[in-house]
Every structure is written in structure tokens, then in C-alpha cells.
Amino acid sequence: MNVKPTRPFRVCSVKSVAVGLILLPFLLPIHVQADSLDAVIKASEQELQQKLQTRNELQQQWKAADQKKSDILFSVDAYKKQKGVIQQEMEDIMQRKNALDARYTALAADYDALNAKVQEHNAHQCTETCDQNGRCDGSCNWYNAEKAQLDSEGAALDARRSSLDSQRGTLQNDAQQVETNSKLIDQLRQSISDQTVAWVGRVKHLSSAWDENEAQIKQLQNKLGKLSAIKEKVDTCVRAIPPECDSPYSRTLNGNCEVMKAQCSAIFDGNIPQ
């Protein structure tokens, strides 16, 4: 009877087992490190999205600041125009007052002249001669006519004074209105000043926040660029490792697995940006 020779049982060498045991902890860290890299990329992408959202919010605030600037400039133009109107009205009020004062001065002089004439008239009394029937000789007609003339002149002066008093009342009302408008203009000026100070402070704050946020966006974009490059290198390196290397006890196992794994792992060393 022919006995078929059996294949002798092959005992793994201590060296093979040792290499497999050494390789196992080296294989695991690649996946751990890759997962850690993916987590860092994801966190960085989320942070970048937050910064981009902040950019959008700041852009809206810039638009609001620009609109506020336009509103302030509009108020400044309105202030300048109204201030010019008020100044012109004040000048008109002063001219009207001076003219009215001159007319009052002239009226006072006319009153003085009339009083002098009245005093002269009263200093020369006239008495007519009348008969028993009450008929007078008319010798004082001139005196009576003079008195009537003085009375008429006095009435004319009183009418002039009444007219001037009415104009003075209108002038006072107009002057009061101009003064009220002037105070409103001053309030507008103060409001513009306060709004301008607040706007300047707001713009400084926005500018600082914008610059800081843009710097962070650039930093994150650079960081993601580096992380993506590292991930691509790692993925390329891992794909080059033979599938057999996934089994530490494979017969095809050799020292190249360990070397290749170490090369892939070395990509992480000091290259992950914080």
C-alpha cells in the first residue's frame, strides 16, 4: 500500500510572530490618526462656516452703518440749508426792527413838534366878542381852526403810532418764531453731532471685528488646505499598503508592511496644524 506523504506541519517562527505582534499596534494608529484628522477637518469646517456666517452678519451691519452715514449726511445738508434760512430770517428781523425803530423815532419827533405847536396855540388864547343874542363877531375863527388842525394832526400821529404798534407786535411774533426755529436747528446740530460720534465708534468696532474675523477665516482656510493635503497623502499612502498587511498573521507578511505603515504614520508627525 502506498502511503501518500503528508505535508509536515509548519511551525511559525518566533520572528514571524514577533513581527506580527509588532505590526498590530502600528496598523491601528493609522486608522485612529485618520479618524482624528477627519474630526479636526470637520471641526475646522464647522468653525469656518461660523466665521463665514459672522462675515455675512458683519456685512449687514456695514450696510446699516452706510445707511446711517447717508442719513447723517442728509441731516447735515438739511441743517446747512435751514441754518442759512434762519440766518437770513434773523437778518430780516433786525432790518425790520431797525426800520421800525427809525419810524418810532420820527413819530416821537413829530409828537414833540405837535406838542410845541399846541403849547404855542394854548399860549395865545382868543376871546370873541358876542352880543346879547349870542352872536359872536368871529374874531377867533382862526384860533378855532388852528385847534381843529392840531387835533387832526394829533389824530394822524395816534393812527401812525397804532400802526407802528401793530407792526411791532407782528415783528415780535416773527422774531419769537425765528428764535424757536433757531433752537430747533441747534437741537438738530447737537443730534447730528451725537449721531456722528456714535457712528464713528460703531464703525471702529465693526472695522476691528471685520479684520479679526477675516484673519480667522484666512487662518482656517489655510489650515483646511494643509489638512486636506495631509489627508490626501495619507489616503494615497494607505491605499498603497497591500490588503495582506491587514492580517498580522498572513503568510505573505513581511517587513515591508511595517515599513509602509510607519511611512504612512510618519505623515502625521508634527504636520497637523492646531
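One table, with the values for the structure above:
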{"item": "Computed lengthening from GLN149 to ALA106, 0.36 nm per intervening residue step minus Cα-Cα distance", "result": "13.5 nm"}
{"item": "Accessible carbon and sulfur surface of the range 158-219 relative to its total accessible area, %, 1.4 Å", "result": "49 percent"}
{"item": "The range 118-143-the range 61-117 distance, computed between alpha-carbon centres (Å)", "result": "57 Å"}
{"item": "Long-range tail of P(r) for the range 79-214 (Cα pairs > 23 Å, %)", "result": "66 percent"}
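The values are calculated or read from the model by the stated rules, or taken from the named source; none is laboratory data. Treat the numbers as computed from the prediction; the structure is a model and nothing was measured. SASA here: full protein model, heavy atoms, side chains in, ligands and nucleic acids out. Shrake-Rupley method; radii C 1.70, N 1.55, O 1.52, S 1.80 Å.
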